[in-house]
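So the structure is just underneath, and the comments pick up after that.
What follows is calculated from the coordinates using simple rules that are stated; it is not laboratory data. Remember, predicted model here, so these are calculated numbers, not experimental data. FYI the Cβ positions are ideal-geometry reconstructions off the backbone, even for glycines, and counts take in every protein chain you see.
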Amino acid sequence: MSLKIDQAFVNSFINGSFGLETDYQNLPYTPTAGTAFAELNNLPNEVSPLSLKDTNETNGIFRITLRYAADTGAITAKTKAEEIMAYYEIGSTVTYSGQSATITRVQRQAGFNEDGWYTLIVDITYRAFITR
């Protein structure tokens, strides 16, 4: 169930064609110095019963960590974050293999420098109903 939600977000990011190299979970990836890239993670919460008979509910955060070369300014990274946030419009849905998740909130956190990268985190909060 949550695997389908993970895949819905990964596929939607790929379909967004954001022009970034992407570091997918548990696949080999070595960043190219100075080349911007995105790291994708789903942070699911627990699954709870919504009805006694046939429906569960969950929510979570699809987190996109943007990494740009440090000391090159923040505007390019912030512009890309805004593009991604606009793509995941509140109220829109992502779907994979019959499972959908609805976007309930988008947020960009403050940028910071880390290990030679300027890092911005974009959080896409979602809610999903899962048929048992």
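In a reduced charge model with +1 at each Lys and Arg Cβ and -1 at each Asp and Glu Cβ, region 2-131 shows a dipole moment near 280 debye about its Cα centre.
When the Cα positions of Leu3, Thr30, Tyr118 are compared along the charge dipole of the chain, Leu3 comes out farthest toward the positive end, with charges on each C-beta of Lys, Arg, Asp and Glu. A cut-off of 5 Å between modelled amide H atoms, ignoring neighbours fewer than 5 places along the same chain, links Tyr118 with Tyr68, Ala69, Ala70. Its Cα centre serving as origin, region 36-78 has a Cβ charge dipole (Lys and Arg +1, Asp and Glu -1) of approximately 140 debye.
The residue list Leu20, Phe129, Gln109 was ranked by how far each Cα lies along the charge dipole of the chain toward its positive end, using unit charges on Cβ atoms, and Phe129 comes out on top. Taking only the C-alpha atoms of the chain, Rg followed by Dmax gives 15.8, 55 Å.
Computed from phi, the 3J(HN,Hα) profile of region 118-132 under the Karplus parametrisation 6.51, -1.76, 1.60 (θ = phi - 60°) reads 8, 10, 10, 10, 10, 10, 10, 8, 9, 9, 9, 10, 10, 7, 7 Hz, with x in place of Gly and Pro. Calculated mean residue ellipticity, 222 nm, the chain: -6500 deg cm²/dmol, from DSSP H runs (n ≥ 4) at -39500 (n - 2.57) each, averaged per residue and rounded to 500. For the peptides 13-25, 57-69, the ranking by packing is 57-69, 13-25, with the highest mean count of neighbouring Cβ atoms within 10 Å listed first. A straight Cα-to-Cα reach below 25 Å connects Lys4 with the lysines Lys53, residues fewer than 8 places away in its own chain not being considered.
Taking Lys and Arg as +1 and Asp and Glu as -1, the other residues whose beta-carbon sits under 15 Å from that of Gly91 total +1. Applying 0.36 nm per residue to the separation of Ala33 and Ala74 and subtracting their alpha-carbon distance, the gain on full extension is 13.1 nm.
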